[in-house]
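Q: Before I ask anything, let me first share the structure, which is written out below as C-alpha cells.
The values are calculated or read from the model by the stated rules, or taken from the named source; none is laboratory data. The structure displayed is predicted, hence computed values, not measured ones. Because the Cβ atoms are built from the backbone with ideal geometry, glycine has one as well, and the counts that use them run over all protein chains shown.
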Amino acid sequence: WKTIAPDLGPLFDSFMDWNQTAYMGTGRVRAKTWVQDGAVLMGDAAHGMNPHASQGRMQAMVDAVTLAAVIEGCRRTGNWSASALKTFETQRRPQVTMLQRLADEEVFFWNTGNPLLEMLRDRVFSTMDKNPRLQYQVLTATAGLRTTSPFGWIDRFQAAGLLPDPRAHHIPNHGQPA
C-alpha cells in the first residue's frame with residue numbers, strides 16, 4: 001500500500017493488527033416491484049447494487065430520464081395507475097439486473113481471500129489491460145449500452161488468460177453485437 005500511496009505510509013505503519021480496521025459490507029436491493037398506483041421507486045430504493053460496478057449514480061440518472069418520459073405520458077392521459085407506470089420498470093429492469101449480477105461477480109472476485117481466486121482476478125486485470133475488445137464490452141455494460149452480460153464463457157476464459165483471444169484488438173461497431 002505504501003507503494004500506491006506513499007503519503008499514507010505513517011498510517012499503514014501504525015497498524016498493529018486487523019482489529020484496528022473496519023469492514024463495511026455491501027449489498028444490493030431487489031425490490032419485488034418498483035411501481036404502485038401513483039408511486040415509483042427508483043435508484044437505490046428500487047435496485048441498489050454493490051459499488052464494484054460503479055453504477056449507482058448512473059443508474060439513478062438513467063432512471064430519471066426514463067421515468068420522465070413515462071410521467072409525461074401519465075400526465076397527458078391522467079392515468080397514474082401501476083400498469084401505466086410499469087413501462088418504466090419494464091424498460092429498466094433488464095439492464096439493472098445485468099449490472100447487479102456483474103457487480104456481484106466483481107465483489108466475489110475482488111473481495112476474495114482465496115489465493116486461487118486472487119490469482120485469477122489478477123490475471124483478469126492484467127489481460128483486460130491489454131485487450132481492447134474486452135475493455136469495450138465492459139464499457140458498454142457500465143455505460144448502459146447493453147442489457148446482457150459483457151462476457152460469455154469463452155470471454156471469461158480469455159479474460160483470465162486461459163485461452164487466446166484472436167479478436168483482442170477488434171472493437172465492434174457501436175450497436176453491433178460483440
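Q: Given the criteria assigned to a loop (DSSP other than H, G, I, E, B), of a type in the set (S, T, N, Q) and either closer than 27 Å to Glu105 by Cβ or under 21 Å from the mean Cα position of the chain (by Cα) (or both), does Thr66 qualify?
A: Taking the combined requirement at face value, the residue does not satisfy it.
Q: Looking at (1) of a type outside the set (Ser, Thr, Tyr); (2) farther than 20 Å from Asn50 by Cα; (3) in contact (Cβ under 8 Å) with a residue 24 or more places away in the chain, which one does Gly144 not meet, given that it meets all the others?
A: The failed condition is (2).
Q: With respect to Ala82, determine if the residue is touching a strand residue (DSSP E or B) at 6+ places or on another chain (Cβ under 8 Å) and either free of Cβ contacts under 8 Å to residues at least 12 places away in the same chain or surrounded by 14 or more Cβ atoms within 10 Å (Cβ to Cβ) (or both). It would help to see each step written out before you state the result.
A: Details: touching a strand residue (DSSP E or B) at 6+ places or on another chain (Cβ under 8 Å): yes; either free of Cβ contacts under 8 Å to residues at least 12 places away in the same chain or surrounded by 14 or more Cβ atoms within 10 Å (Cβ to Cβ) (or both): yes.
Considered against the rule, which asks whether it is touching a strand residue (DSSP E or B) at 6+ places or on another chain (Cβ under 8 Å) and either free of Cβ contacts under 8 Å to residues at least 12 places away in the same chain or surrounded by 14 or more Cβ atoms within 10 Å (Cβ to Cβ) (or both), Ala82 comes out as yes.
Q: Being closer than 29 Å to Ala31 by Cα, in contact with a helix residue (DSSP H, G or I) (Cβ under 7 Å, 6 or more places away or on another chain) and not hydrophobic (A, V, I, L, M, F, W, C) is the filter here, so list the residues in the stretch 101-136 that pass it.
A: Glu106, Thr112
Q: Additional query: Is the stretch 10-28 home to any residue that is modelled with pLDDT under 90, assigned to a helix (DSSP H, G or I) and surrounded by 10 or more Cβ atoms within 10 Å (Cβ to Cβ)?
A: To start, the set of residues in the stretch 10-28 that are modelled with pLDDT under 90 comprises 10-28.
Then drop every residue that is not assigned to a helix (DSSP H, G or I), which leaves 10-14, 18-20.
Those left that are additionally surrounded by 10 or more Cβ atoms within 10 Å (Cβ to Cβ): 11-12.
Yes, the stretch 10-28 contains at least one residue that is modelled with pLDDT under 90, assigned to a helix (DSSP H, G or I) and surrounded by 10 or more Cβ atoms within 10 Å (Cβ to Cβ).
Q: Please name all residue pairs, on different chains or six or more residues apart, with Cβ atoms under 8 Å, provided the first residue is in the stretch 112-140 and is more than 14 Å from Asp165 (Cα to Cα) and the second residue is among the basic types (Lys, Arg).
A: Cβ pairs passing all conditions: Thr112/Arg121; Thr140/Arg146.
Q: Let me ask another. Of Ile71, Ile4, which residue is farther than 21 Å from Pro150 by Cβ, without any contact (Cβ under 8 Å) to a residue 40 or more places away in the chain, among the hydrophobic types (A, V, I, L, M, F, W, C) and outside any helix (DSSP H, G or I)?
A: Answer to the selection: Ile4.
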